[in-house]
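To keep things clear, I will list the structure first and then write my remarks on it.
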Amino acid sequence: MKKYNSIVLIGMPGAGKSTLGVLLAKELALDFVDTDMLIQLREGKTLQEIINESDYLNLRRIEGEVIASADLPNHVIATGGSAVYSEEGMANLKRFGPAIFLNCSAEELRRRIHNYEQRGIAKAPGQSFEELFAERQALYRKYADITVDCDGRSLQQVLDQVCRELEPRI
């Protein structure tokens, strides 16, 4: 019998949470959910539209409500990059299983993300990517049960590492 119900993936936009999450769900015979999609379904808008119509703090508030009330047993859960701003939401998600921080350097993320300004990233107006990165690193480390470094590694290598890290918990 498994010792966990779900796996929670945390990290910056572009770290590969959704892409890896689908593969991990197949590997572990779990369902997959992207909490950004849950937000968009609830609100009927994209993340960027929510930010444009109100502000980044409203998006973070909505995200906190969505993940705090989510009931997601037997899932690989790919969170939005700002999920870690919600203490209540993270506490709820971690009830279902360990949080895995997909750690990428700012340089690697910059290579992966080309639409930073249009991606629906919950950041303060005028906040640079590097400032946001620095602000979130401490939060990701706070909630991480497992940290997997992703720089210079293929998706398969990261998937293999995550599975090795989870093995004692399976």
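The values are calculated or read from the model by the stated rules, or taken from the named source; none is laboratory data. On a predicted model such as this, the values are computed, not experimentally measured, just so you know. We place every Cβ from the backbone using ideal geometry, glycine too, and count neighbours over all the protein chains shown. Protein only, heavy atoms only, side chains kept; ligands, DNA and RNA dropped before computing areas. Shrake-Rupley method; radii C 1.70, N 1.55, O 1.52, S 1.80 Å.
Tabulated results
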quantity	calculated
Among residues of region 37-84, those that are in contact with a Leu (Cβ under 7 Å, 6 or more places away or on another chain) and modelled with pLDDT under 95, counted	4
Residues (open to solvent by less than 80 Å² (accessible area, probe 1.4 Å) and not hydrophobic (A, V, I, L, M, F, W, C)) located in region 161-170	Gln161, Glu165
Qualifying positions in region 138-157 - in contact with a helix residue (DSSP H, G or I) (Cβ under 6 Å, 6 or more places away or on another chain) and farther than 10 Å from Val84 by Cα	Ile146, Val148, Cys150, Asp151
Evaluation of Asn58 against (1) free of Cβ contacts under 8 Å to residues at least 24 places away in the same chain; (2) in contact with a Ser or Thr (Cβ under 9 Å, 6 or more places away or on another chain); (3) polar (S, T, N, Q) (one fails), failing number	(2)
Any pair with Cβ under 9 angstrom, 6 or more apart, that starts in region 4-20 at a residue that is under 14 Å from Leu72 (Cβ atoms) and ends at one that is in a loop (DSSP other than H, G, I, E, B) and of a type in the set (Lys, Arg)	Asn5/Arg95; Ser6/Arg95
Per-region count, region 1-51, residues outside any helix (DSSP H, G or I) and either of a type outside the set (A, V, I, L, M) or closer than 18 Å to Asp160 by Cα (or both)	22
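Each row is one residue, and each column tells you yes or no for (1) closer than 23 Å to Lys45 by Cα; (2) of a type in the set (A, V, I, L, M); (3) in contact (Cβ under 8 Å) with a residue 40 or more places away in the chain.
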position	(1), (2), (3)
Gly89	yes, no, no
Phe96	no, no, yes
Ser105	no, no, yes
Ile146	no, yes, yes
Glu167	no, no, no
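One line per residue, one yes/no per condition, for (1) in contact with a strand residue (DSSP E or B) (Cβ under 6 Å, 6 or more places away or on another chain); (2) more than 15 Å from Met90 (Cβ to Cβ):
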| residue | (1), (2) |
| --- | --- |
| Ser6 | yes, no |
| Leu9 | yes, no |
| Lys17 | yes, no |
| Leu23 | no, yes |
| Asp31 | yes, yes |
| Asn52 | no, yes |
| Asp55 | no, yes |
| Leu59 | no, yes |
